[in-house]
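Notes to accompany the following structure.
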Amino acid sequence: MDRTRLPWWGLAAFLAFLFLAPVASGETYLNATFDDKAIDQPIGVGGPEAGEPVYVDPALQAIVRSSPFGTRCLEIHNTDPTQHSWLGFEMEKEVSSGLVVVIMDVWFYRIGPGDEFWLYLYDDTWVNRFLGLIFDETGCICGSTKGEELGVLGSFSVGRPYPIMVVLDMDAETLSIWLDGVPALMDHPHGADAAARMQKVRWAGRMNAAPDSRMSIDQIRVISDLVPAPAESMTWGRIRALYR
Ligand SMILES: [Ca+2]
């Protein structure tokens with residue numbers, strides 16, 4: 001799937017889309033915005049129907065906060081620095097064909113010894129990892145799939161929203177990654193089994209005891225559509241607006 005070269009009607013369709021639809025069309029598999037959750041309360045585990053995770057490790061504090069994003073979000077702090085603790089979201093159904101677009105904003109407070117954050121995309125059996133992204137204690141982002149180390153894909157910053165978008169093309173068996181609005185990996189084999197079904201979005205953290213050793217997540221969306229538009233005319237801000 002080459003998104004850098006689309007025919008003229010791609011732009012026409014995109015412009016029509018802007019006028020006709022305020023949000024992206026297609027099927028929504030997960031919509032976790034936290035905007036209807038009680039502030040300063042632990043998040044529930046009601047699953048995708050409730051816009052909540054299905055599991056939160058007992059060692060993990062996952063609290064709905066009114067900041068640092070402009071809308072309510074989820075703050076995560078691991079109370080046990082000796083282990084990786086995790087929370088997991090699931091899609092409303094497992095998907096084995098078409099596109100799966102995973103998009104979210106995250107916020108890091110600190111880069112330093114003892115802090116490491118992992119984002120995983122898994123199938124419904126935990127056998128196939130479509131993608132693992134490690135945000136490490138030096139500020140590097142390293143990637144991996146089920147069978148391949150992808151190496152350093154980028155770096156991250158603290159104290160501001162950091163957008164992440166991953167597109168799985170289940171038919172072509174590829175993945176593409178945008179980090180901070182910049183293409184980091186395009187149309188790369190995802191390495192999972194051909195029949196694997198995407199279902200799980202998991203964040204894990206190994207954090208030290210510092211008060212700012214934490215992260216926040218907001219606007220987690222998993223949808224079936226990628227807006228048809230020439231990549232060179234598509235600012236990141238416009239992509240974000242379409243997917244909110
Ligand atoms: Ca929100």
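The values are calculated or read from the model by the stated rules, or taken from the named source; none is laboratory data. For clarity, every value in this text was computed on a predicted model and none was experimentally measured. Glycine also receives a Cβ, built like all others from the backbone with ideal geometry; neighbour counts cover every protein chain displayed.
Summary of values
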{"item": "Tally, over segment 113-132, of residues that are out of contact with any Ser or Thr (no Cβ under 8 Å at 6 or more places or on another chain) and not polar (S, T, N, Q)", "result": "12"}
{"item": "Residue count, segment 62-80 (criterion: closer than 29 Å to E94 by Cα and surrounded by fewer than 17 Cβ atoms within 10 Å (Cβ to Cβ))", "result": "1"}
{"item": "Within segment 164-186, tally of residues that are surrounded by fewer than 18 Cβ atoms within 10 Å (Cβ to Cβ) and over 17 Å from N128 (Cβ atoms)", "result": "5"}
{"item": "Only one of D123, D105 that is touching a residue at least 60 places away in the same chain (Cβ under 8 Å), within 16 Å of the ligand (Cβ to nearest atom) and under 15 Å from W203 (Cα atoms)", "result": "D105"}
{"item": "Pick from segment 28-60, criterion away from the ligand (no atom under 13 Å from the Cβ) and touching a residue at least 40 places away in the same chain (Cβ under 8 Å), ranking: nearest to M104 (Cα to Cα)", "result": "L30"}
{"item": "Hits in segment 61-86 - residues which are away from the ligand (no atom under 16 Å from the Cβ) and of a type in the set (A, V, I, L, M, F, W, C)", "result": "W86"}
{"item": "Residue in segment 64-82 that is modelled with pLDDT of 95 or more, outside any loop (DSSP other than H, G, I, E, B) and over 16 Å from the mean Cα position of the chain (by Cα) present", "result": "yes"}
